[in-house]
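Here the structure comes first, spelled out in structure tokens, and everything after it is commentary.
Since every read-out is calculated from the coordinates, none of them should be taken as a lab result. What you are looking at is a predicted structure, and each value in this text was computed from that prediction instead of being measured. All Cβ positions, glycine included, derive from the backbone under ideal geometry; neighbour counts span all protein chains shown.
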Amino acid sequence: RLFGRGPGEDLRDEPRRVLDDQMLESLEELLIQADLGVETAVRVTANIAEGRFGRKVSTRELKQALAAEVARIMTPVARPLPLYPKKPQVVLVVGVNGSGKTTTIGKLASQFRAAGKKVVIAAGDTFRAAAVDQLKVWGERAGVPVLTAPEGSDPASLAWDALAKARAEGADLLMIDTAGRLQNRQDLMEELAKIVRVLKKQDETAPHNTLLVLDATTGQNAVIQVEIFRKIAEVSGLVMTKLDGTAKGGVLVALADKFGLPIHAIGVGEQIDDLSPFDPEDFARALVG
Ligand code: GDP
């Protein structure tokens with residue numbers, strides 16, 4: 001919430017104040033605190049000032065203008081994961097450990113299965129036995145097979161086998177989990193590059209999507225993660241998790257402003273149905289409060 005008012009508080013009788021430099025400065029400060037980042041905060045504030053500077057405004061009008069501005073920035077990036085007639089469509093899922101990759105893959109698999117799609121999951125983080133086990137649990141919940149390889153084996157080799165198997169079985173979608181060890185960036189880069197290379201040997205258009213999963217609670221850190229992963233992989237879209245807590249995901253406005261990458265879905269809890277489409281209006285209202 002950018003403005004510290006509880007629900008039900010009537011703002012209609014509130015005194016209107018002249019929108020001056022000082023007010024704009026406080027607004028900018030609020031936006032920065034809400035993780036919009038300096039550049040985006042400055043731009044949003046300037047847009048709010050346009051046509052209003054020097055005029056009297058109430059907090060309510062300001063909130064409405066701000067919500068409208070946020071929704072305007074977010075509307076072009078609110079796009080569900082595109083489904084292609086291509087079979088199998090290969091979705092590579094990347095992100096740092098703990099961001100919610102495994103959980104998101106499970107939720108997506110469940111949604112696609114419910115929509116009548118045949119889904120296969122590949123547990124590409126072969127170095128973390130716990131991650132593979134987690135994914136198996138999610139596969140069971142979603143009713144989707146999870147292909148695994150022995151601990152420590154080459155993820156690219158698993159990706160190769162998984163694509164061959166998904167194709168042989170006539171699957172619509174293959175979702176590939178990947179490692180998220182950013183502390184060893186060079187290794188990760190080579191590992192992801194090799195997965196992509198191997199996939200392309202079977203289907204030169206693969207992977208068809210590369211989803212970057214981001215944790216809302218990391219705030220501005222998400223900007224750095226997008227920058228890093230865009231260098232490592234051809235990120236085609238984002239999923240932001242953990243928007244059910246106190247984090248309002250203000251950083252998404254900065255990301256939309258800076259990169260314009262589609263936001264395919266948001267995580268709103270730990271259960272299988274807790275994945276929602278990204279709705280710019282709802283998001284803006286929740287952010288502004
Ligand atoms: P990974 O290491 O990237 O595969 O991350 P996980 O999928 O294992 O998720 C890490 C933790 O975040 C787990 O405890 C999940 O239950 C939790 N988590 C993932 N998505 C969400 C979400 O949308 N909301 C909440 N509250 N927790 C989530």
Fill in the blank from the handout: In cubic angstrom per residue, the convex hull of the chain built on its Cα atoms measures 128
Practice task
Check the range 110-264 and count each lysine pair with an alpha-carbon distance under 19 angstrom, considering only pairs eight or more places apart or from different chains.
Solution key: 12
Completion exercise
Once normalised by the length of the range 160-289, the mean sequence separation of its alpha carbon contacts under 8 Å that are 6 or more apart gives a contact order in percent of 18
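Is the C-alpha gyration tensor of the range 124-212 telling us rounded, prolate or oblate? Criteria: a/c under 1.5 is rounded; beyond that, a/b larger than b/c is prolate, otherwise oblate.
Details: a/c = 1.73, a/b = 1.07, b/c = 1.61.
Oblate shape, in that a/c is at least 1.5 and b/c is the bigger or equal ratio.
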Practice task
Pop out the ³J(HN,Hα) list for the range 264-278 in order, Karplus 6.51 cos²θ - 1.76 cosθ + 1.60 with θ = phi - 60°, rounded to Hz; leave Gly and Pro as x.
Solution key: 7, 6, 10, x, 10, x, 9, 8, 5, 8, 7, 10, 10, x, 7
Handout entry: Qualifying GluC sites (Glu not before Pro) for the range 199-289 [loop in DSSP, other Cβ within 10 Å: at most 14]
Key = 204, 234, 270
Completion exercise
Shape call for the range 69-135, from the Cα gyration tensor axes a ≥ b ≥ c (a/c under 1.5 means rounded, otherwise prolate when a/b beats b/c, else oblate), comes out oblate
Exercise for the section: Divide by every residue of the chain the summed helix terms, -39500 (n - 2.57) for each DSSP H run of at least 4, and state the resulting mean residue ellipticity at 222 nm, rounded to the nearest 500 deg cm²/dmol. Expected result: -14500 deg cm²/dmol
Handout entry: Positive dipole terminus of the chain, leading residue within 182, 249, 152 (C-beta point charges)
Key = 152
Practice task
Take the Cα atoms of the range 227-289, find their three principal axes, and give me the spread along each one in whole Å, biggest first.
Solution key: 33, 28, 17
